[in-house]
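I have placed the structure first, in the form of structure tokens, so that the comments after it can refer back to it.
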Amino acid sequence: MNSYFQTLDLSPMYRNLVFQSRSAADFQAYLRQALSNHVMRWGPGEVDSALYSIDTRHLRLMILRYGPAVEIRPDPCDGFILVQVPLRGRSVIKSDGATTSIGPGQVAVLAPRREISFRWSENCEQLILRVPSAFARDAASRLHTPLTELNEGVDLEPVVLLDSHVAAQWCSLVQSLVDQINPGHGDGFGHCHPAWLEYLEIGLALLLLTHTHKQPDTPASHASQPPSTKRSALDAARQYSLAHLWAPISLQDLARAAGISSRTLHTFCKKEFGVGPMAWLRNIRLDEARRKIIAHSPNSITDIALAVGFGPLGRFSAYYKDRFGELPSTTSALHKCATP
């Protein structure tokens, strides 16, 4: 848990209740209209749902709770970046084959235009910030040190978990924003100078961008990352992946195994393989599945897919065909025919 989270005072947010209900159907209908379309499955237990929300000129800050455990599958985050921080309870985020579990004080940044689902634990309550991508790009354009081109959802991993010290900085900025809320004014920020409010908005957006997009390459950065270091880190991550193919592996798991930060691992993978760490992991899984199929494993293709960490067989087959140009069943049939 980041240190600043423990002192976060969100009491001004709790004075901005916009909807509350003991009815799952009513609350879900409201969220579909107010936030985004989604499919939801409610667990057993008493519904104690509430949404607290306040808008700045560009951002929306929310506190959301449901009561029971819930599974949520929203439409893709088209046009905005989403940040989630559990205040209590836990959330499991699944996106593009990656699974990330977050608890109180952990700050997760979710990439735009990604297929994504959430599983909130019972009594989970989360702080959520929505940042429009257009505003983030505008904030980036004001930098004297430019970021790489912001192609929505292309350069970002499905879920980026901010390091604890960065998460503490982010929570500090959120606290500064929350401190400007004045429930006595119609817009919630009536006493705050517009220039100061815009400064806080830009600061929140830039902190997210500078810690989820790599900076342009410089000679100094190359000097600090010798090839031997990069190779040993990637080898360690690969060995960890092969030893845990059957299990969910997060970006943080790979970075920990490699002994480097998630951001550095992303840079290494992009330079070495042309893809991010989670796409690289998926390719490792697919390569191992193909090796098993060609080796005439007695297991079925479904069993092989499960053994290398794929759940739905349809998705495994699609990824397999995309990588090898044929379905796994075709590979199996061709190599059986080739056996003397």
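Any read-out appearing in this document is the output of simple, stated calculations on the displayed coordinates, not a laboratory observation. Since we're looking at a predicted model, the values are computed, not measured. Ideal geometry is used to build each Cβ from the backbone, glycine not excepted, and the neighbour counts take in all protein chains shown.
Numerical summary
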item: Tail weight of P(r) past 26 Å, computed on alpha-carbon pairs of the range 219-337, percent; result: 28 percent
item: Length added when fully stretched, Asp9-Asp322, from 0.36 nm per residue minus Cα-Cα; result: 107.8 nm
item: Viscosity 1.567 mPa s, temperature 4 °C, Stokes-Einstein D of the range 3-210 from Kirkwood C-alpha radius, µm²/s; result: 74 µm²/s
item: Cα Rg over Rh - the range 15-59, Kirkwood; result: 1.01
item: Lysine-lysine proximity count for the range 219-337, Cα under 17 Å, sequence distance 8 or more or distinct chains; result: 4
item: Where only C-alpha atoms are counted, convex hull volume of the range 46-134 per residue in Å³; result: 84 Å³
item: Förster radius 51 Å - calculated FRET efficiency between His38 and Arg291, Cβ distance, rounded to 0.05; result: 0.85
item: Sites Val275 and Asp55 - FRET efficiency at Förster radius 35 Å, r taken between beta-carbons, to 0.05; result: 0.45
item: Cβ-placed point charges (K, R +1; D, E -1), dipole of the range 219-337 about Cα centre in debye, nearest 20; result: 180 debye
item: Cα-centred dipole magnitude for the range 1-93, charges only on beta-carbon of K, R (+1) and D, E (-1), debye, nearest 20; result: 60 debye
item: Residue order, fewest to most surrounding Cβ atoms within 10 angstrom, among Asp179, Asp48; result: Asp179, Asp48
